[in-house]
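Here is the structure we will look at, set down as structure tokens.
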Amino acid sequence: MELQVKPLAMAVMVMSAVSTFAIPNAVADHHGAMVKKGKEIAEDRKKGNCFACHQYAGAVLPGNIGPPLVAMKARFPDKAKLRAQIYDATAKNPHTSMPPFGKYGALTDEEVDAITEWAYTL
Amino acid sequence: MKKIVITALTACLAMGASAVYASQADDIQSVRSYFKKKFPKVPFDDYAIGAYSLNADKRINWEGIREFPPFEDQVAHGEELWNKKFANGNSFATCFGDDVSQVRNRFPHWNARDKKVETLEGNIIQCQQANGEKPFKLKKGDIAHLSAYIASQANGQTINVVVPDDPDAQAAYEDGKHHFYAKRGQLNFSCADCHVYNSGMNARGNLLSPVMGHTTHFPVWRGSWARKDKKGDGFGTLHRRYGGCNKQVRAKPFKAQGKEYSNLEFFHASMSNGMKIEAPDYRE
Amino acid sequence: MKKMTLIVTLLAAMMATSGLAVADEAAYKKLHAEAVAALDKAKSVKGEWRDSRWKKSKAVKCGDKKMSHLHAAECFAKEGDYKKAMKHAGIAKFQGEMGYEQAMGQKTAGPRH
């Protein structure tokens, strides 16, 4: 019994050591990957196609139907509200020109999450 | 307002009808005053040239293209089709009358006997069928060439779509109006979202045109329809454009010359009442 | 004896797999029927979307052709790929339901100017 506990304790120690140092990096990497994926989906004409209506830094030939995507953190202190707007803008305003991307399945939930992360960097 | 009264009077005189359909007159006035407020500097007649009335750079480019129109050969082909005899010795003039300048502006109109909206292109097909000819394809090619020639012969005439005092005709108009204002498709856009509320704005590089003046210049020759991957020669009918718009918002398009688009045309063309025909024309 | 066990095991395995396949096919057929019903309902209010079952849709690739979600479901089912067939039949059904809901919500749409 004692013999079995020791390796387990060792393992726990090692794991906690790993988590202390490695996991913040992993989170940052994961976040970076989400933002990158979000940008790709946002700029895919068959997916988000955000620049058809919104200007943002680096957008090529953007439209101007919707407001420019700037200072998103200031405009949406609550990230969940930004996500809700991308998921279904008609919930707040039924007459909006913004498609309900998530509600109507033009984007999957994961794609909405990724675009939210990307938009939050603008 | 004066213009509307005059238009209304003309309509009454022309049709011998007792009254103009009030809803149509209200809709026209409402759209005009909306755009007058939105673009106070744009003169009424300028709306006939579509989005180019709203952007000086695009207008210069459009004027340049019109100096050497890319569609002249096809309009000439349309004239040949008009003059060509059918196998039975008749021709399109048998159906539409000998004076080709008096054809375009009779459409769209309500056919009280068949209880439906008739369009120029729909009646071209009907004429072929009645004479045992193989009908044209509905959206591009010959039908657009012939329609373009017929329209070109009516240039300068004032559009005046009449909704007669007939509940079925009024229901058809209201159906078309509803189609125009109802959101549809996975992207949830109505015709009005782009061509009323956001007209003058850019969707990517495309300037959204105002609904007023849309039908003055159809059929149109579009740069985007001339691309090789579209397998077309640039020309297309109004109903081809309707289908394209519906597809862009990811709605299933309706059949060209079917009831839905014919009713839509009845309303849509009314929004150009009082404007002059100038067809065909170039669009991006 | 060993041979016997092997045969029995093999037989059992075969029965289980074919049973699964039958269950997959039944579930797919049920979902497909539900999708058609949902799309018919959307059609009845002129609310069908482009990529649900329009014959010119190019939304999904199955084999070397592009097609609508419902057609893709049928195409994948034919290939025996019931997982993908279920996915696209499900999307077609969802689109039918949403298209119907959208059209009903737009019944009174008119000018706001």
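Take every DSSP beta bridge whose two residues both sit in the protein assembly as shown; close to 80 percent of them are antiparallel.
Order by neighbour count: C:M67, C:M86, A:M72, B:M271, fewest other Cβ atoms within 10 Å first, most last. Could you put the intermediate results ahead of the total?
On the way: C:M67 23, C:M86 19, A:M72 16, B:M271 27.
Ascending number of Cβ neighbours within 10 Å: A:M72, C:M86, C:M67, B:M271.
Between A:H95 and B:S23, the distance separating the two model label sites (each 7 Å from Cα on the Cα→Cβ line) works out to 2.0 nm. For segment B:138-284, the antiparallel share of DSSP beta bridges with both residues in that region comes to about 65%.
What would the Debye equation give as log₁₀ I(q)/I(0) for the protein assembly as shown at q = 0.06, 0.09 Å⁻¹, counting only Cα atoms as equal point scatterers? Summing over Cα pairs of the protein assembly as shown leads to -0.39, -0.77. Look at where the Cα atoms of segment C:19-77 and of segment B:121-153 average out, and the two centres are 36 Å apart.
Residues of segment B:245-270 falling in the label zone of B:S224, defined by backbone nitrogen less than 19 Å from a point 7 Å along Cα to beta-carbon, are B:245-254, B:256.
For the residues B:R204, B:R241, what sequence is obtained by ranking on other C-beta atoms within 10 Å, fewest first? Can you show the working numbers first?
Numbers: B:R204 16, B:R241 20.
Ascending number of Cβ neighbours within 10 Å: B:R204, B:R241.
For B:K115, the aspartates and glutamates whose Cα comes closer than 15 Å to its Cα, not counting residues fewer than 8 places off in the same chain, are B:D165, B:D166, B:D168, B:E174, B:D175, B:E260. Principal semi-axes of the equivalent ellipsoid, √(5λ) from the alpha carbon gyration tensor of segment A:38-109, are 18, 15, 12 Å from largest down.
For chain B, the relative contact order comes to 26 percent (Cα pairs under 8 Å, sequence separation of at least 6).
Which chymotrypsin sites (Phe, Trp or Tyr not before Pro) does segment B:115-218 hold that lie in a coil by DSSP with at most 10 other beta carbons within 10 Å? Walk me through the numbers before you get to the answer.
Values: sites: B:F136, B:Y149, B:Y173, B:F180, B:Y181, B:F189, B:Y197; in loops: B:F136.
For chymotrypsin sites (Phe, Trp or Tyr not before Pro) across segment B:115-218 that sit outside H, G, I, E and B with at most 10 neighbouring Cβ atoms in 10 Å, the list is empty.
For C:K83 and C:K107, the FRET efficiency from 1/(1 + (r/R0)^6), where r spans their Cβ atoms and R0 equals 45 Å, is about 0.75.
Taking only the C-alpha atoms, wrap a convex hull around chain B and report its volume per residue in Å³ as a whole number.
On the way: hull volume 38.0 nm³, N = 284.
Once divided by residue count, the hull of chain B is 134 Å³.
Projecting each Cα onto the charge dipole of segment C:23-112 (Lys/Arg +1, Asp/Glu -1 at the beta carbon, about the Cα centre), which of C:A77, C:A59, C:Q106 comes out farthest on the positive side? Towards the positive end, the residue furthest out is C:Q106.
Using only C-alpha atoms and all pairs of different ones, pull out the Kirkwood radius for segment B:38-169 in Å with one decimal. Don't jump to the answer; show the numbers that get you there.
On the way: mean 1/r = 0.0586 Å⁻¹.
Mean inverse Cα-Cα distance, inverted, gives 17.1 Å.
Note: relative contact order over segment B:133-284, using C-alpha pairs below 8 Å and six or more positions apart, is 38 percent.
Among bridges DSSP assigns within chain B, what percent are antiparallel (round to 5)?
Close to 75 percent.
Extending 7 Å from the Cα toward the beta-carbon at both C:K58 and A:R45 defines two label points whose distance is 1.1 nm.
Where the alpha-carbon atoms of segment A:56-97 are placed on the principal axes, they occupy 29, 24, 13 Å, in descending order.
Computed from the coordinates by the stated procedures, all read-outs in this text should not be read as laboratory data. In this text the structure is predicted, and so the values were computed from the model without any measurement. FYI the Cβ positions are ideal-geometry reconstructions off the backbone, even for glycines, and counts take in every protein chain you see.
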